[in-house]
C-alpha cells in the first residue's frame, strides 16, 4: 500500500506537473527535514525553492 501511495504521488497526482523537489512530491517528511535543517525558518527555504523552480513550487 505504501509503495502504491508513493507511486501515485510521484506519477499520477493531479499536481505532478508542478516543479519541485522529488522528495517533497512523495512525503511531508521532506518538508519537516527542511524546516528542521533551516532552524524553522521555512520562509527562507521557500525563497530558495522559488529561485530554483519558479513562482509555483510543489512541496506536498
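Bear in mind these aren't lab numbers, they're just calculated from the coordinates by the rules spelled out. The structure displayed is predicted, hence computed values, not measured ones.
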Angle between the chain longest axis and helix 42-53 axis [Cα atoms, degrees, rounded to 10]
70
Could you tell me the extents of the chain's C-alpha atoms along the three principal axes, largest first, rounded to whole Å?
33, 23, 11
